[in-house]
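Take a look at the structure below.
The values are calculated or read from the model by the stated rules, or taken from the named source; none is laboratory data. The shown structure was predicted, so the numbers you read here are calculated from the model rather than taken from an experiment. Every residue, glycine among them, receives a Cβ derived from its backbone with ideal geometry; neighbour counts consider all protein chains shown.
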Amino acid sequence: MNERRRMTGVVTSNRMMKTVVVKVERTYRHPFYHKVVHASHKVKAHDELGCQIGDEVRVVESAPFSREVTWVVETILKREGKPFDVVEEAQV
């Protein structure tokens, strides 16, 4: 496996052509106050797999496709709350 960064998030928008917006959330403990902090940010990712809103996906860092798109959807982990394997078997 290469050394590109990979993140897991949920698709929040797919209204662009071959681009999706992925919300990536992370939880960490504050170093001084020791409270649990929930942080999130959104990234735009190139999508050749046809993601839908609500899908859980893994995005990987890549060379820039445009000014804002520097990530690519690597795999779809869950389809709108359902395991991906179940969705593929139902469509076949």
Any hit, the range 70-81, residues being basic (K, R), at pLDDT 95 or above, more than 11 Å from the chain's Cα centre (by Cα) and surrounded by 10 or more Cβ atoms within 10 Å (Cβ to Cβ): no
Residue list for the range 1-51, restricted to those being within 13 Å of T70 (Cβ to Cβ) and more than 13 Å from the chain's Cα centre (by Cα): R4
Contacts under 7 angstrom Cβ, first residue in the range 1-17 being surrounded by 13 or more Cβ atoms within 10 Å (Cβ to Cβ), partner polar (S, T, N, Q), 6 or more apart: V11/Q52; N14/Q52
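In the range 19-59, how many residues are part of a loop (DSSP other than H, G, I, E, B), touching a strand residue (DSSP E or B) at 6+ places or on another chain (Cβ under 6 Å) and surrounded by 12 or more Cβ atoms within 10 Å (Cβ to Cβ)? Lay out the reasoning, then the answer.
Within the range 19-59, the first condition is being part of a loop (DSSP other than H, G, I, E, B), and the residues that meet it are 30-35, 47-55.
Add one more test, that the residue is touching a strand residue (DSSP E or B) at 6+ places or on another chain (Cβ under 6 Å), and what stays is 30, 47, 49, 51, 53, 55.
Remaining after also requiring surrounded by 12 or more Cβ atoms within 10 Å (Cβ to Cβ): 47, 49, 51, 53, 55.
The qualifying residues number 5.
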Near pairs, Cβ below 7 angstrom, 6+ apart or cross-chain, from the range 61-73 (assigned to a strand (DSSP E or B)) to any residue that is of a type in the set (D, E): T70/E61; W71/E61; V73/D47
